[in-house]
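Step one of this worksheet: look at the structure below.
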Amino acid sequence: MAVRDITLGQYFPGESCIHRLDPRVKIVCALVYLVSLFVVQSFWAFGLCILLLAAVIILSGVPFKFISKGLKPVIFLIIITMLINVLFVRTGEPVLTIGKFFITNEGIYRALFMGLRLVLLIFGSSMLTLTTKPIELTDGMEKLLSPLAKIGLPAHELAMMMTIALRFIPTLLDETDKIMKAQTARGADFENGTLREKAKALIPLLVPLFVSAFRIAGDLAMAMEARCYHGGKGRTRLHQMKLGKGDAVAIIVMLVYLGCIIGSRYININIF
Amino acid sequence: MQINVENLSKTFSPGMPYETRALSDINCEIGSGEFVAIIGHTGSGKTTLVQHIAGLIQPDEGRVVATLDDGTQTVISEKGKAAFAVRRRVGIVFQYPEYQLFEETVLKDVCFGPKNQGLDQAAQEERAREALRLVGLDPDVVGESSPFELSGGQKRRVAIAGVLAVDPEVLILDEPTAGLDPKGHDDILDMIDRIKDEEKLSIILVSHNMDDVAKYADKVIVMNSGTVVMEGTPEYVYCERGSELKEIGLDLPAGPAFLKTLRDGGLDVDIRRLTFEDTTEEIVKALKKKGGKTPEEQAEKAPQK
């Protein structure tokens with residue numbers, strides 16, 4: 001079923017040292033990594049990014065097949081971005097000319113660069129969600145945002161909303177799958193037809209799905225209130241987050257990496 | 001229409017850590033006009049099996065074949081293929097089917113199936129009205145109301161009507177009574193039994209309720225962790241192989257279960273009685289043999305004052 005193929009935001013169970021890292025450290029490291037991808041200006045520095053990512057992937061024990069599935073929904077976007085770069089970059093030497101139309105070497109260079117950057121972005125963020133339980137992730141975010149609570153940012157509420165949203169992704173996917181099958185059994189066709197027909201075919205899916213979503217939300221709100229939930233004030237946690245030795249190693253590795261990446265902007269090794 | 005399931009196997013998320021073998025090498029048969037019950041634990045593969053029979057998912061191995069009444073055979077599902085045309089001959093009512101209602105009015109919702117089959121407006125409406133009557137609802141009363149205004153039991157009837165309107169030859173019901181009160185529960189099952197006879201349907205009922213199965217089914221298929229472990233009449237499954245059934249954690253219907261307790265307690269009873277009436281009769285017979293008396297006999301013998 002196509003709806004089951006979404007990896008982004010899915011957890012891959014494991015016991016590796018990456019899995020065991022403090023979620024706060026992982027979130028910060030992932031953010032640093034994502035930002036670093038935009039700092040990089042040369043292909044050889046990307047090599048460094050790939051090296052770090054590869055190390056994390058190997059350490060985490062998540063099969064590459066599983067990670068690369070996260071690319072599927074965005075592959076189209078990546079291809080379009082690359083095409084736009086190839087077709088519209090007008091600087092550099094023309095390498096291919098068809099009539100008035102030409103493609104430059106810089107266009108190809110930038111397309112590859114952007115493509116690689118996007119792929120690494122997806123992989124990098126996937127590694128965070130694949131190795132961190134959604135609950136840990138939101139707990140970590142809440143902790144990281146908690147200093148901002150002083151200036152009025154509802155850190156706990158935001159984290160709770162995220163937790164609930166993440167928690168209901170699989171539920172709603174299952175629900176979608178079920179309703180799709182039920183309507184298919186009544187002869188609904190979600191795959192064939194013109195765009196207009198396809199859009200119309202979604203009504204029998206979306207209406208019951210929304211009804212279900214509201215029902216589930218109502219039930220959940222009631223269940224939470226029945227257990228005296230009244231917001232974040234004074235709540236203690238089941239799992240206290242503590243930084244360990246592994247976290248220290250991760251932070252040091254990340255700092256060294258960041259230093260290298262920033263340094264890479266000033267060292268020019270031109271392979272092209 | 002007869003349905004044969006041949007060597008059916010299915011694995012979900014192959015190669016993933018969540019990989020689950022839902023079905024392995026399933027063989028069974030659903031005869032024309034039969035009332036077949038599928039029982040088994042949660043997660044034993046019942047729902048997956050019926051979804052294959054309905055042609056909604058494709059197996060990894062094996063196939064489901066339908067033999068039409070004129071003798072022609074069509075594949076309902078095999079690897080790389082789920083047949084659309086046969087799907088319409090097999091109607092499936094999912095668990096909590098009321099959650100699939102979506103139209104503004106009951107009649108429109110029930111019309112959804114026939115409309116997808118390409119019938120014209122008048123024919124659609126006729127089918128829908130007929131289906132609503134079959135489930136015991138008056139199309140003139142509920143037809144124009146919103147399906148979301150109805151009571152739980154009525155919604156479920158409308159949803160079942162929505163499937164019946166497709167005019168299937170085989171009707172699959174996945175726990176059709178889940179979440180209903182005892183009255184609604186009996187009503188729905190009696191209704192299904194009646195529709196089966198009126199419309200000459202085959203019924204496949206997925207159920208956890210052994211009493212229902214004993215009461216209605218012609219044949220029982222018992223599933224355990226993705227395989228068929230028993231297949232036969234309710235008498236065979238419950239009476240001959242009752243102890244095996246208990247081993248895989250399934251219960252006996254109330255009748256045989258109670259008789260078994262009596263027998264273990266020393267009363268000489270035959271536990272091969274499935275229905276409430278037969279069970280009562282058997283107990284009375286056994287008690288009489290022991291010299292017990294009915295209240296009337298006791299009253300007769302009582303000393304006159």
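The values are calculated or read from the model by the stated rules, or taken from the named source; none is laboratory data. This is a predicted model, so every value here is computed, not measured. Cβ placement follows ideal geometry from the backbone for every residue including glycine, while neighbour counts extend to all protein chains displayed.
Filter region B:103-115 for residues that are in contact (Cβ under 8 Å) with a residue 40 or more places away in the chain and within 12 Å of another protein chain (Cβ to nearest Cβ); which is surrounded by the fewest Cβ atoms within 10 Å (Cβ to Cβ)?
From region B:103-115, those in contact (Cβ under 8 Å) with a residue 40 or more places away in the chain are B:103-106, B:109-114; that's our starting set.
Next, only the ones that are within 12 Å of another protein chain (Cβ to nearest Cβ) stay: B:103-104, B:109-114.
Numbers: B:Glu103: 19, B:Glu104: 13, B:Asp109: 23, B:Val110: 36, B:Cys111: 24, B:Phe112: 23, B:Gly113: 28, B:Pro114: 24.
Ranking the candidates gives B:Glu104 first.
Residue under question is A:Thr91, and the condition is that it be part of a loop (DSSP other than H, G, I, E, B) and more than 30 Å from A:Ala221 (Cβ to Cβ); does it hold?
Details: part of a loop (DSSP other than H, G, I, E, B): yes; more than 30 Å from A:Ala221 (Cβ to Cβ): yes.
Considered against the rule, which asks whether it is part of a loop (DSSP other than H, G, I, E, B) and more than 30 Å from A:Ala221 (Cβ to Cβ), A:Thr91 comes out as yes.
With the condition kept exactly as written, say whether any residue in region B:288-300 is touching a strand residue (DSSP E or B) at 6+ places or on another chain (Cβ under 8 Å) and either part of a helix (DSSP H, G or I) or at positive phi (or both).
So far as region B:288-300 goes, no, none of its residues is touching a strand residue (DSSP E or B) at 6+ places or on another chain (Cβ under 8 Å) and either part of a helix (DSSP H, G or I) or at positive phi (or both).
Restricted to region A:163-187, and to residues that are crowded, with 17+ Cβ neighbours inside 10 Å and at pLDDT below 85, which residue is nearest to the other protein chains (Cβ to nearest Cβ)?
Residue satisfying both the conditions and the ranking: A:Gly187.
When you scan region A:67-122, how many residues do you find that are among the small types (Gly, Ala, Ser) and farther than 19 Å from A:Ile50 by Cβ?
Of the residues in region A:67-122, 3 are among the small types (Gly, Ala, Ser) and farther than 19 Å from A:Ile50 by Cβ.
Is it the case that region B:71-78 has a residue that's in the same structural domain as B:Glu34 (by TED's automatic domain parsing), surrounded by 22 or more Cβ atoms within 10 Å (Cβ to Cβ), out of contact with any Leu (no Cβ under 7 Å at 6 or more places or on another chain) and not in a loop (DSSP other than H, G, I, E, B)?
Our first condition is that a residue be in the same structural domain as B:Glu34 (by TED's automatic domain parsing); within region B:71-78, this holds for B:71-78.
Keeping just the survivors that are surrounded by 22 or more Cβ atoms within 10 Å (Cβ to Cβ) gives B:76-77.
Cutting the leftovers down to out of contact with any Leu (no Cβ under 7 Å at 6 or more places or on another chain) gives us B:76-77.
From what is left, the residues that are not in a loop (DSSP other than H, G, I, E, B) are B:76-77.
Within region B:71-78, one or more residues are in the same structural domain as B:Glu34 (by TED's automatic domain parsing), surrounded by 22 or more Cβ atoms within 10 Å (Cβ to Cβ), out of contact with any Leu (no Cβ under 7 Å at 6 or more places or on another chain) and not in a loop (DSSP other than H, G, I, E, B).
Please tell me if B:Ala37 is more than 30 Å from A:Lys65 (Cα to Cα), assigned by TED's automatic domain parsing to the domain that holds B:Pro176 and modelled with pLDDT under 90. Walk me through how you get there before you give the answer.
Working: more than 30 Å from A:Lys65 (Cα to Cα): yes; assigned by TED's automatic domain parsing to the domain that holds B:Pro176: yes; modelled with pLDDT under 90: no.
Criteria not met by B:Ala37.
Do any residues in region A:94-110 that are in contact (Cβ under 8 Å) with a residue 24 or more places away in the chain and closer than 17 Å to A:Met82 by Cα have Cβ atoms under 7 Å from those of residues that are of a type outside the set (Phe, Trp, Tyr) and in a helix (DSSP H, G or I), where the two are at least six apart or on different chains, and which pairs are they?
Close Cβ pairs satisfying both conditions: A:Arg110/A:Asn85.
Among the residues of region A:188-200, write down those that are within 11 Å of chain B (Cβ to nearest Cβ), surrounded by fewer than 18 Cβ atoms within 10 Å (Cβ to Cβ) and of a type outside the set (Asp, Glu).
Within region A:188-200, A:Asn192 is the sole residue that qualifies.
Out of (1) under 26 Å from B:Pro176 (Cα atoms); (2) in a helix (DSSP H, G or I), the odd one out for A:Asp189 is which?
All conditions are met except number (2).
Evaluate region A:61-71: report whether one residue or more is closer than 30 Å to A:Cys17 by Cβ, charged (D, E, K, R) and surrounded by 13 or more Cβ atoms within 10 Å (Cβ to Cβ).
Of all residues in region A:61-71, those closer than 30 Å to A:Cys17 by Cβ come to A:61-71.
Filter once more, keeping what is charged (D, E, K, R): A:65, A:69.
From what is left, the residues that are surrounded by 13 or more Cβ atoms within 10 Å (Cβ to Cβ) are A:69.
Yes, region A:61-71 contains at least one residue that is closer than 30 Å to A:Cys17 by Cβ, charged (D, E, K, R) and surrounded by 13 or more Cβ atoms within 10 Å (Cβ to Cβ).
Is it the case, given these coordinates, that B:Thr67 is surrounded by fewer than 22 Cβ atoms within 10 Å (Cβ to Cβ), assigned by TED's automatic domain parsing to the domain that holds B:Ser207 and touching a residue at least 12 places away in the same chain (Cβ under 8 Å)?
Against the criterion (surrounded by fewer than 22 Cβ atoms within 10 Å (Cβ to Cβ), assigned by TED's automatic domain parsing to the domain that holds B:Ser207 and touching a residue at least 12 places away in the same chain (Cβ under 8 Å)), B:Thr67 qualifies.
Working carefully through the options A:Ile169, A:Ile179, A:Ile216, A:Ile203, find the one that is within 26 Å of A:Leu128 (Cα to Cα) and among the hydrophobic types (A, V, I, L, M, F, W, C).
None of the other options fit; the residue is A:Ile169.
Taking the stated definitions as given, is B:Gly136 in the same structural domain as B:Leu23 (by TED's automatic domain parsing) and either part of a helix (DSSP H, G or I) or closer than 28 Å to B:Ile39 by Cα (or both)?
Here the answer is yes, as B:Gly136 does meet what is asked.
What are the residues in region B:91-102 that are closer than 15 Å to B:Val166 by Cα and more than 8 Å from chain A (Cβ to nearest Cβ), if any?
Passing the criteria: only B:Val93.
Starting from region A:248-259, take each residue that is closer than 14 Å to A:Cys17 by Cα and list its partners that are surrounded by 12 or more Cβ atoms within 10 Å (Cβ to Cβ) and of a type outside the set (Lys, Arg), counting only C-beta distances under 7 angstrom and pairs at least six apart or across chains.
Matching pairs, first to second residue: A:Ala250/A:Leu21; A:Ala250/A:Val25; A:Ala250/A:Cys29; A:Ile251/A:Val25.
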